[in-house]
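**Student:** Just dropping this structure here.
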Amino acid sequence: MQKLKMLTGFRPTGKLHLGHLHGNIMNMIEHQHEYNNFFFLVDWHALSTEYQNPKDIKKNLLDCLIDLIALGVDPEKTHLYRQSDIPEIPELTLYFSMITPLSWLERCPTYKEQINQLQSKDLSTLGFLSYPVLMAADILVVNADVVPVGEDQLPHLEITREISRRFNHLYGNFFKEPQAMLSQSRRVLGTDGRKMSKSYGNAIFLTDDRDTIRKKIRMMITDPQRVRLKDPGHPEVCNIFDLYKIYKKEKIKDIEQRCRKAQIGCTSCKDELADIIYGNLEGFQYRRAELEKDIKKIYQILDRGRTEVRDIASKTIKDVREKIGID
Ligand code: TRP
Ligand code: SF4
């Protein structure tokens with residue numbers, strides 16, 4: 001039986017942190033063997049917010065690709081490509097933009113939210129408004145079945161499904177309605193207790209060395225009621241304990257008891273966690289450094305991805321033109 005197609009796009013926005021890893025990426029990597037995978041880097045989407053200063057997009061894109069491979073995405077089993085290598089995507093975006101009511105885009109919750117949040121950027125552009133249309137074309141140009149995304153992307157995926165239905169209604173059945181694959185992702189809190197995010201300056205990056213991780217973890221707030229070593233702790237309110245749940249499931253009972261009975265100090269509890277986190281990243285960091293030495297190979301992977309995906313995408317466009325009647 002043919003495998004279903006799993007597709008997801010990554011915004012090349014710079015260094016990855018633990019929040020990214022435990023959000024969507026691990027989930028996707030764990031399922032990669034069950035699907036025919038399409039993972040790509042969305043430099044056009046990046047341009048919709050970075051158009052005034054696009055110079056980092058390309059470097060970030062290569063970094064992001066290296067990260068994905070070093071984390072375990074298997075380039076032999078995955079179409080790895082960049083959005084801007086697939087000219088069929090903007091052609092499909094154009095057809096979709098003809099049939100997408102403005103109201104769908106204007107009422108999309110991420111639209112207003114982002115405009116408010118990114119006040120330093122002028123996002124009152126056509127390109128930014130049609131971000132979800134471009135995303136629909138990304139997905140439907142290969143007729144993907146499942147799309148692993150974070151919760152924040154669900155409204156976009158809903159628009160994709162609406163566009164698919166509308167196209168099928170107007171021109172005859174052709175596109176699938178892709179399903180979201182939500183990860184049981186854990187929200188990873190940053191070192192200040194807020195959601196981990198590069199812009200908050202509270203992130204632990206996948207490329208941080210042992211010392212940096214120790215320093216960052218030491219800064220984290222634990223149980224505020226635990227002032228002295230002999231005060232019993234309350235692991236349920238402690239961020240460090242949350243991280244143990246992700247990293248050392250088999251140890252949490254033990255940590256919990258020792259914390260409640262004040263048999264372990266927060267500093268050693270933290271240092272131990274920092275070492276576990278670093279231990280977990282060490283292999284990744286080594287593979288990343290190796291890949292960085294061989295940029296040619298990275299470009300070869302992108303070349304192959306482009307050929308494979310254009311093959312599929314150009315067939316879609318041919319059929320779409322026929323369906324619409326402009327073939
Ligand atoms: N919009 C997604 C994000 O900001 C990135 C993206 C672009 C995407 N095209 C996609 C995700 C297609 C899944 C499928 O993270
Ligand atoms: Fe948190 Fe560990 Fe301190 Fe308990 S001992 S409060 S789990 S850091």
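The values are calculated or read from the model by the stated rules, or taken from the named source; none is laboratory data. Since the structure is predicted, the reported quantities are computational estimates derived from the model, not experimental observations. Note: ideal-geometry Cβ built from the backbone for every residue, glycine included; neighbour counts use all protein chains shown. For the accessible areas, the whole protein counts, side chains as well, though only heavy atoms, and no ligand, DNA or RNA atoms are used. Shrake-Rupley method; radii C 1.70, N 1.55, O 1.52, S 1.80 Å.
**Student:** Taking the options Asp43, Asp85, Asp56, name whichever one is away from ligand 2 (no atom under 16 Å from the Cβ), within 17 Å of the chain's Cα centre (by Cα) and among the acidic types (Asp, Glu).
**Tutor:** Within the list Asp43, Asp85, Asp56, the selection yields Asp43.
**Student:** Let me ask something additional. Any residue at all in segment 281-300 that is crowded, with 17+ Cβ neighbours inside 10 Å and within 16 Å of ligand 2 (Cβ to nearest atom)?
**Tutor:** no
**Student:** Something else: Is one or more of the residues making up segment 136-145 open to solvent by 10 Å² or more (accessible area, probe 1.4 Å), assigned to a helix (DSSP H, G or I) and either within 21 Å of Pro87 (Cα to Cα) or away from ligand 2 (no atom under 16 Å from the Cβ) (or both)?
**Tutor:** Narrowing segment 136-145 to residues open to solvent by 10 Å² or more (accessible area, probe 1.4 Å): 143, 145.
Right, trim to assigned to a helix (DSSP H, G or I) and you get none.
So far as segment 136-145 goes, no, none of its residues is open to solvent by 10 Å² or more (accessible area, probe 1.4 Å), assigned to a helix (DSSP H, G or I) and either within 21 Å of Pro87 (Cα to Cα) or away from ligand 2 (no atom under 16 Å from the Cβ) (or both).
**Student:** List pairs: first residue in segment 237-253 and touching a residue at least 40 places away in the same chain (Cβ under 8 Å) and within 23 Å of Lys215 (Cβ to Cβ), second residue within 16 Å of ligand 1 (Cβ to nearest atom) and part of a helix (DSSP H, G or I) anywhere in the structure, Cβ distance under 8 angstrom, at least six positions apart or on different chains.
**Tutor:** Listed by first residue and then by second, the contacts come to Ile246/His22.
**Student:** Could you list, in sequence order, all residues of segment 100-113 that are exposed (fewer than 15 other Cβ atoms within 10 Å of the Cβ) and either under 16 Å from Arg166 (Cβ atoms) or of a type in the set (Lys, Arg) (or both)?
**Tutor:** Across segment 100-113, the qualifying residues are Pro101, Leu102, Ser103, Arg107, Lys112.
**Student:** Now, a different point. When you scan segment 162-177, do you find a residue that is among the β-branched types (Val, Ile, Thr) and more than 16 Å from ligand 2 (Cβ to nearest atom), even just one?
**Tutor:** Yes, segment 162-177 contains at least one residue that is among the β-branched types (Val, Ile, Thr) and more than 16 Å from ligand 2 (Cβ to nearest atom).
**Student:** Answer yes or no as to whether Ile312 is within 16 Å of ligand 1 (Cβ to nearest atom), open to solvent by 30 Å² or more (accessible area, probe 1.4 Å) and over 24 Å from Ile204 (Cβ atoms).
**Tutor:** yes
**Student:** Also, quick follow-up: Cβ-Cβ below 7 Å, separation at least six or inter-chain, first residue in segment 255-269 and more than 21 Å from Arg214 (Cα to Cα), second more than 8 Å from ligand 2 (Cβ to nearest atom) and not acidic (Asp, Glu): which pairs?
**Tutor:** Listed by first residue and then by second, the contacts come to Arg260/Pro232; Lys261/Pro232; Ala262/Leu229; Ala262/Lys230; Ala262/Pro232.
**Student:** For segment 205-214, how many residues are surrounded by fewer than 14 Cβ atoms within 10 Å (Cβ to Cβ) and part of a loop (DSSP other than H, G, I, E, B)?
**Tutor:** Summing the residues that are surrounded by fewer than 14 Cβ atoms within 10 Å (Cβ to Cβ) and part of a loop (DSSP other than H, G, I, E, B) in segment 205-214 gives 1.
**Student:** Only one of these conditions is not met by Thr110: (1) more than 15 Å from ligand 1 (Cβ to nearest atom); (2) touching an Asp or Glu at 6+ places or on another chain (Cβ under 8 Å); (3) under 19 Å from Gly23 (Cβ atoms). Which number is it?
**Tutor:** All conditions are met except number (1).
**Student:** Here's a follow-up. Scan Asn53, Asn36, Asn60 and give me the residue that is open to solvent by 30 Å² or more (accessible area, probe 1.4 Å) and in contact with a strand residue (DSSP E or B) (Cβ under 7 Å, 6 or more places away or on another chain).
**Tutor:** Being open to solvent by 30 Å² or more (accessible area, probe 1.4 Å) and in contact with a strand residue (DSSP E or B) (Cβ under 7 Å, 6 or more places away or on another chain) holds for just one of Asn53, Asn36, Asn60, which is Asn36.
**Student:** Next up: Considering only segment 194-204, state which residues are open to solvent by 30 Å² or more (accessible area, probe 1.4 Å) and either assigned by TED's automatic domain parsing to the domain that holds Met28 or in a loop (DSSP other than H, G, I, E, B) (or both). Let's see the steps before the verdict.
**Tutor:** Of the residues in segment 194-204, the ones open to solvent by 30 Å² or more (accessible area, probe 1.4 Å) are 194-195, 198-201.
Residues satisfying the conditions are Arg194, Gly201.
**Student:** Moving on. So, Arg304, is that one touching a His at 6+ places or on another chain (Cβ under 9 Å), more than 16 Å from ligand 2 (Cβ to nearest atom) and open to solvent by 50 Å² or more (accessible area, probe 1.4 Å) or not?
**Tutor:** Working: touching a His at 6+ places or on another chain (Cβ under 9 Å): yes; more than 16 Å from ligand 2 (Cβ to nearest atom): yes; open to solvent by 50 Å² or more (accessible area, probe 1.4 Å): yes.
Yes; evaluated as a whole, the condition is true for this residue.
**Student:** Separate question: Would you check which residues across segment 1-33 are modelled with pLDDT under 95, surrounded by 19 or more Cβ atoms within 10 Å (Cβ to Cβ) and of a type in the set (A, V, I, L, M) and list them?
**Tutor:** Of everything in segment 1-33, those that are modelled with pLDDT under 95, surrounded by 19 or more Cβ atoms within 10 Å (Cβ to Cβ) and of a type in the set (A, V, I, L, M) turn out to be Leu16, Leu18, Leu21, Ile25, Met28, Ile29.
**Student:** Having 2 or more residues that are among the polar types (S, T, N, Q) is the bar; report the helices (runs of 4 or more DSSP H) wholly within segment 215-324 that clear it. Lay out the reasoning, then the answer.
**Tutor:** Working: elements: 239-247, 252-260, 266-292, 295-324.
Ranges flagged: 266-292, 295-324.
**Student:** Restricting to segment 154-186, and then to whatever is within 23 Å of the chain's Cα centre (by Cα) and free of Cβ contacts under 8 Å to residues at least 24 places away in the same chain, can you tell me which residue is least open to solvent (accessible area, probe 1.4 Å)?
**Tutor:** By that ranking, first place goes to Leu157.
**Student:** Turning to a different aspect of this structure: Would you check which residues across segment 39-50 are open to solvent by less than 20 Å² (accessible area, probe 1.4 Å), within 9 Å of ligand 1 (Cβ to nearest atom) and aromatic (Phe, Trp, Tyr) and list them?
**Tutor:** Phe40
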